[in-house]
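This report refers to the structure that appears directly beneath it.
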Amino acid sequence: MGLYLNQAMSVHRIIVTGGAGFIGSAYIRYLVKNAQYQILNIDKLTYAGNLESLDEVSSSENYSFKKIDICDLETLKSVFISFKPTIVVHFAAESHVDRSIDNPASFINTNIVGTYNLLEASYNYYSDLSGEEKNFFRFHHVSTDEVYGDLGLDDEPFTENHCYAPSSPYSASKASSDHLVRAWYRTFKLPVIISNCSNNYGPFQFPEKLIPVVINNALEGKKIPIYGNGQQIRDWLYVDDHVRALLEIELYGEVGQTYNIGGNSELTNLDLVKQVCLSLDKLRPNTISLATYFDLVEFVQDRSGHDFRYAIDNTKILKELNWRPKETISSGIHKTVSWYLKNSAWTDRVKDGSYMGERLGVLKN
């Protein structure tokens, strides 16, 4: 059932949940350049939702925004009826592992209950469709490789058939949402696709994530914290490579299938931090008498239940959809560091909360 969105469809109407977040906003910025896509961004605008990430497209005729909580089922249903989507792309999620350990309830509510509500709204809408509109409809659930648990140093990378073994409240809530999506496909025949990606990085990432923390702390001369001994291994995926993969999956992927998306860039956390610091050394030499920004590294107590290694096997998406990442870890880190150096005002506004100001129609937290 690939190649479903053929040339007969002149416009694709896409609901994006969580489109003010890091990956969701990158996806919208990528699609809105093409008038073939009409995009409705729905986002609750919690602490990590930032409409300033979409300033460059906010006035585009094919983009609109509604402040909506995906746990509000009745509002979701009305939006589906008025917008009439052909695709739903579900990014909206609580996604920070440390926060999930401190406050699991919000992750259960958003990632599980919110996904259930979105599935119900989608199915309610889909059931009333007919003909080509019904054939073209897709629900794309964007998930994470963390649902698979972790790997040993010599284990083969995750494939789409890998058993689920989540470790944190965050990954457990995402695993639960994946299972719900599959159940709505199996039981209710809702046409769904799931993708599981590795660690994303790039412009506009919320400052609490590892790479922005390294950049911001280094520039401020603060210690750069690394959990445990820093030997945990992650696969890193540049965000623009990820959104290219997502669109390929939506246009050409097979209903009911799962696609793993990785960056082919496995690094220990310590080596990743070193890469970022080396890039900073070249682009913004320090003025605080350090040989390198890497001298600011400080090892701190390890995270509870910290997974050792994630790795993605890209074989399926490569063979079926001919997608592969364009960025290496070196080129991607260079682009990311360059962006943060040029956009320090954005980072400052996110860190002090002023991005949640009145012009966005949102109260400060």
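Every number in this text was worked out from the coordinates using simple rules, so none of it is lab data. Because the structure is a prediction, the values reported are computed rather than measured. Note: ideal-geometry Cβ built from the backbone for every residue, glycine included; neighbour counts use all protein chains shown.
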Along the dipole axis of the stretch 97-163 (charges at Cβ: +1 for Lys and Arg, -1 for Asp and Glu; origin at the Cα centre), the most positive-end residue among Asn161, Pro104, Phe136 is Phe136
Collect residues whose amide H, placed 1.01 Å from N in the peptide plane, falls under 5 Å from the amide H of Lys84; neighbours closer than 5 in sequence don't count.
none
With a ≥ b ≥ c the root eigenvalues of the C-alpha gyration tensor of the stretch 20-77, is it rounded (a/c under 1.5), prolate (a/b larger than b/c) or oblate?
oblate
Residues of the stretch 313-347 with amide N under 20 Å of a point placed 7 Å along Cα→Cβ from Lys282
326-343
If you build a Gaussian network model of the chain, linking Cα atoms that sit under 10 Å apart, which residue out of Ser127, Ser198, Ser95 swings the most?
Ser127
Nonlocal amide H pairs with Ile39, under 5 Å, H built at 1.01 Å:
Ile14, Tyr63, Ser64
Is the C-alpha gyration tensor of the stretch 22-123 telling us rounded, prolate or oblate? Criteria: a/c under 1.5 is rounded; beyond that, a/b larger than b/c is prolate, otherwise oblate.
oblate
Once every DSSP H run of n ≥ 4 in the chain is given -39500 (n - 2.57) and the sum is divided by its residues, what mean residue ellipticity at 222 nm do you get, rounded to the nearest 500 deg cm²/dmol?
-11500 deg cm²/dmol
Please work out whether the stretch 284-331 counts as rounded, prolate or oblate from its C-alpha gyration tensor, where a ≥ b ≥ c are the square roots of the eigenvalues and a/c under 1.5 means rounded, while otherwise a/b larger than b/c means prolate and anything else oblate?
oblate
Where the only charges are on Cβ atoms (+1 Lys, Arg; -1 Asp, Glu), what is the dipole of the chain about its Cα centre, to the nearest 20 debye?
720 debye
Multiply the residue gap between Leu290 and Thr187 by 0.36 nm, knock off their C-alpha separation, and tell me the result in nm, one decimal place.
31.1 nm
Cross-link reach from Lys44 to lysines, straight Cα distance under 23 Å and at least 8 residues apart if same chain, gives Lys66, Lys67, Lys77, Lys84, Lys174, Lys209, Lys351, Lys364
Under the 7 Å Cα-to-Cβ spin-label approximation, Glu220 and Arg349 lie apart by a distance in nanometres of 1.9 nm
Signed unit charges on C-beta, dipole axis of the chain, positive-most listed residue Phe22, Ser265, Leu318:
Phe22
Per-residue HN-Hα couplings for the stretch 81-94, Karplus 6.51 cos²θ - 1.76 cosθ + 1.60 at θ = phi - 60°, whole Hz, x for Gly and Pro?
5, 7, 8, 6, x, 9, 9, 10, 10, 9, 9, 3, 6, 6
